[in-house]
Amino acid sequence: MKRILSVIAGLAALAATTADARELRVAPGAPPAHPSNSHLYQKLVEYLPEVSGGNLTAQMLGPEVVSLGQMKDALQSQLVEVGNLLPLYFPADLPSMSLAGELALTGREPHAMAAAMTEYMVTCEVCQQELKKFGVVYLGSGSSDVYALLTTKPVRTADDLKGLRLRSGGAPFSRWAENFGAVPAAIGVGDTFESMSQGVIDGSMASIGDLLSFRLVELVKSVTFVPLGTYHASSDFTVANSAWESLSPEERKQLATAANRANVDFTQRWGYGIAEEAKKAAQEAGIEFIEPDAAFLKAVEDFAEADKSTAAKVSQERFGFADASDKVARFVSLVDKWNGIVKEANLDPAAITKRLDEEVWSKVDFATYGM
């Protein structure tokens, strides 16, 4: 009898806690198979009540409700209170974040790129002003693995790229393709399968994880491991201003803590875990793995280095940044810093999460951040 009464009391307490909890509407905007669902937003749903003692919870809305392209309107209309926002869709509104995205080709270490992006955005006054004008608050970024060539035709040398039509996820990848004589195609990642199956494109410059996330394993014939950089210019957890203002400073800190943990989990999954699973699936499907020849690899590295100056020039011309070169230099210095930290951490997600908290989030005043 005592045991039954104890269980009843416990359930009553849980019900009371749940009733008092602030439930946030959150949305990853990506298809179900993408790691931004399982290892980003599902993790937030898991961590939020844990770090807040049950005071904060989250309800996840799927891509059938809000897609990535609809995220701006969803956040500004308050349909979504926390969403996955990609500046690729809104470069004019978030130019400083877009500038960091222009440096995609420099990415070689996913955790370092995600951490550098996070520190860059949190500590950049101009970035924060742009976010406030946009109506949102930034709580960190994640990163893909280093992009490769996923093609229907083998690419072993730079000459093999000439004339190939390749899906591009942004301006730096388009510049890369054009430099080597390929034809970039601005196609949404969700349309890659259809475009490739219909012969509209010959391949994609993308995460090898796309073989699984977007079923490209059914179409791709070869993967060339030429380092194309990372996709790191994202605002994984973007909070609508109205939702942020409704939280106490302590609740904001709790949300940021949960987001920080989830961001690292996401990068671990997208940057490393799913890449390994995709390689295994590719081998089973008979997809050929190709290592670039030395001349091709050197040409790629040389272009990535030269593209830093191009990124600064493009940003200056497109967004009017008089200090574009300084912004590029600062971001590159943060990448160098985090490459060292990640190496020290031996790629341990818990250690990287801790260092991000020490280097970035512990220094934030949540009474004023984003306000």
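The values are calculated or read from the model by the stated rules, or taken from the named source; none is laboratory data. All figures in this text were calculated on a predicted structure; none of them were measured in a lab. Positions of Cβ are backbone-derived with ideal geometry, glycine not excepted, and every protein chain shown enters the neighbour counts. All accessible areas refer to the heavy atoms of the entire protein, side chains included, with ligands and DNA or RNA removed. Shrake-Rupley method; radii C 1.70, N 1.55, O 1.52, S 1.80 Å.
Couple of notes before you dig in:
- Cα radius of gyration and Dmax for region 289-342 (Å): 14.5, 43
- Compactness relative to 2.2 N^0.38 Å, alpha carbon Rg of region 81-217: 1.14
- When the convex hull of its Cα atoms is projected in every direction, mean area for the chain (nm²): 20.1 nm²
- Long pairs among Lys43/Lys279; Lys279/Lys313; Lys280/Lys337; Lys337/Lys363; Lys280/Lys308; Lys72/Lys253, criterion Cα-Cα beyond 26 Å: Lys279/Lys313; Lys280/Lys337; Lys280/Lys308
- Unit charges on C-beta of K, R, D, E only; dipole of region 195-302, Debye: 200 debye
- Mean residue ellipticity (222 nm) of the chain, computed from DSSP H runs ≥ 4 via -39,500 (n - 2.57), nearest 500: -15000 deg cm²/dmol
- Of the residues Asn260, Asn346, Asn241, the one that moves most in a GNM of the chain with alpha-carbon contacts below 10 Å is Asn346.
- Here the Debye sum runs over all C-alpha atoms of region 314-371 as equal scatterers in vacuum, and log10 of I(q)/I(0) at q = 0.12, 0.18, 0.26 Å⁻¹ comes out as -0.47, -0.82, -0.95.
- Fraction of alpha-carbon pairs over 26 Å apart in region 167-300 - percent: 37 percent
- Order by protection proxy (mean Cβ within 10 Å, highest first), peptides 189-196, 117-124: 117-124, 189-196
- Whole-number D in µm² s⁻¹ for region 41-103, Kirkwood Cα-pair radius fed into Stokes-Einstein, 37 °C, 0.692 mPa s: 246 µm²/s
- Residue with peak Gaussian network fluctuation, the chain [Cα springs, cutoff 10 Å], from Ala281, Ala312, Ala58: Ala281
- Sequence of Arg22, Arg252, Arg175 when ordered by accessible area, the most exposed leading, probe 1.4 angstrom: Arg22, Arg175, Arg252
- The phi torsions of region 286-300, fed into the Karplus equation with coefficients 6.51, -1.76 and 1.60 and a -60° offset, translate into couplings of x, 6, 7, 9, 10, 8, x, 6, 4, 5, 5, 4, 5, 5, 5 Hz, rounded to whole numbers, with Gly and Pro shown as x.
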